[in-house]
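**Q** Got a structure here, written out as structure tokens. Questions coming.
The values are calculated or read from the model by the stated rules, or taken from the named source; none is laboratory data. The structure displayed is predicted, hence computed values, not measured ones. Counting neighbours? That spans all protein chains shown, and the Cβs are built from the backbone with ideal geometry, glycine included.
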């Protein structure tokens, strides 16, 4: 007997509703009218069913610290970094863990079941590493948490950063991180890229660097990253996050850069909510948007995912860890309002994000793990437009979050009308 059948589900690629059967935590079959018996049935009610949301770039060690020890009044990246440096001496592993677990519960409720989080290793105590490794173990039944060893204060700029990063990797952090544009010079930034990629090559680990997160059109660290990826044979294992300087680069240079990135099989993560608020701060008018060239990179065959980056921390005073909000912002900033483009934005927080993280068993196909989200809408574009409730969130075929469908009671004139605000508009 099957464990579960999810009835009357609409898949992201369209078509008529189907049933999805589950056994031993895996999808068995997807087709209309499955006749077998199951221990449990869930009626999706003709709503959209998707594989879970993926946050490809986050900072869980800093999340929910907004106002500690003070507020980032300028809203700038550099004040955020300075504020984080003020807060670090006051941090405890217990407080980091408690806030991270609160964030994880919020993530699960939003249908986000995979997160790549950069964890600052600049503090020699490695409190954040210790805390988030515990969170990773405790949340493993419900959420895939990848950790990136991130030298926030600079890999070369901070003398003890190399030793701290290696210790973090020894403890179980599985991705090598960096921030080359925060080194003292462009040359030292390039050298940090070289050394970090060599560490990853020696250990057989992926790389994910905060790269060129600046408005400087002359920042060249993604070029170095592509070169080192090729030199060390790291193709397909390296991610450049942010890449906001590409927004300011001239088209001639970009016409050279994007093919280099494609040749190196780099993966890219843009962070629309943060890129649009942090970048362009020195501009009067016209103001630069700041987000990297999502459309052009995707057109060149690169995987381009979206990350939330921050929720209520020194860099961002908002956020609900709703990846549909991230994709919604991304399509507006990138002017990606064609139907295929909007669907690609939905994929940037689902399937493309899963490829960036290298998730195994992800998807809605027989044999995939039955990690499934049911949304109160009918297709991915409606999901982006409405950011609807997550009616059910399933992990390995078990419901771990649910909510009642949203309805509105409207009284206009004499009568009262009850309707579904997520029903198709046309």
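Residues are listed down the side, and each one gets a yes or a no for (1) in the same structural domain as residue 320 (by TED's automatic domain parsing); (2) modelled with pLDDT of 95 or more; (3) on the phi > 0 side of the Ramachandran plot:
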| site | (1), (2), (3) |
| --- | --- |
| 8 | no, yes, yes |
| 18 | no, yes, no |
| 22 | no, yes, no |
| 38 | no, yes, no |
| 42 | no, yes, no |
| 57 | yes, yes, no |
| 62 | yes, yes, no |
| 65 | yes, yes, no |
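**Q** Which members of the stretch 255-283 meet the condition of being in a helix (DSSP H, G or I) and either surrounded by 18 or more Cβ atoms within 10 Å (Cβ to Cβ) or touching a strand residue (DSSP E or B) at 6+ places or on another chain (Cβ under 7 Å) (or both)?
**A** Across the stretch 255-283, the qualifying residues are 257, 258, 261, 272, 273, 274, 275, 276, 277, 278.
**Q** Quick one: which residue in 242, 221 is under 20 Å from the mean Cα position of the chain (by Cα), in the same structural domain as residue 300 (by TED's automatic domain parsing) and closer than 17 Å to residue 268 by Cα?
**A** 242
**Q** Considering only residues of the stretch 144-183 that are in contact (Cβ under 8 Å) with a residue 40 or more places away in the chain and farther than 29 Å from residue 219 by Cβ, which is surrounded by the fewest Cβ atoms within 10 Å (Cβ to Cβ)?
**A** Here the answer is 171.
**Q** Right, something else. Being under 21 Å from residue 109 (Cβ atoms), part of a strand (DSSP E or B) and touching a strand residue (DSSP E or B) at 6+ places or on another chain (Cβ under 7 Å) narrows it down to one of 29, 40, so name that one.
**A** 40
**Q** What number of residues in the stretch 290-328 are surrounded by fewer than 19 Cβ atoms within 10 Å (Cβ to Cβ) and on the phi < 0 side of the Ramachandran plot?
**A** 7
**Q** Of the conditions (1) closer than 30 Å to residue 340 by Cα; (2) not in a loop (DSSP other than H, G, I, E, B), residue 421 clears all except one; give me its number.
**A** Only one criterion is unmet by residue 421, namely (2).
**Q** Give the residues of the stretch 45-92 that are within 24 Å of residue 135 (Cβ to Cβ) and part of a strand (DSSP E or B), sorted by residue number.
**A** Of everything in the stretch 45-92, those that are within 24 Å of residue 135 (Cβ to Cβ) and part of a strand (DSSP E or B) turn out to be 53, 54, 55, 56, 57, 58.
**Q** Consider residue 31 against the criteria (1) over 24 Å from residue 113 (Cβ atoms); (2) within 25 Å of the chain's Cα centre (by Cα); (3) touching a residue at least 12 places away in the same chain (Cβ under 8 Å): it satisfies all of them except one. Which criterion is unmet?
**A** (2)
**Q** Next up: Determine if the stretch 229-239 includes at least one residue that is under 26 Å from residue 337 (Cβ atoms) and either outside any helix (DSSP H, G or I) or touching a helix residue (DSSP H, G or I) at 6+ places or on another chain (Cβ under 7 Å) (or both).
**A** No: zero hits.
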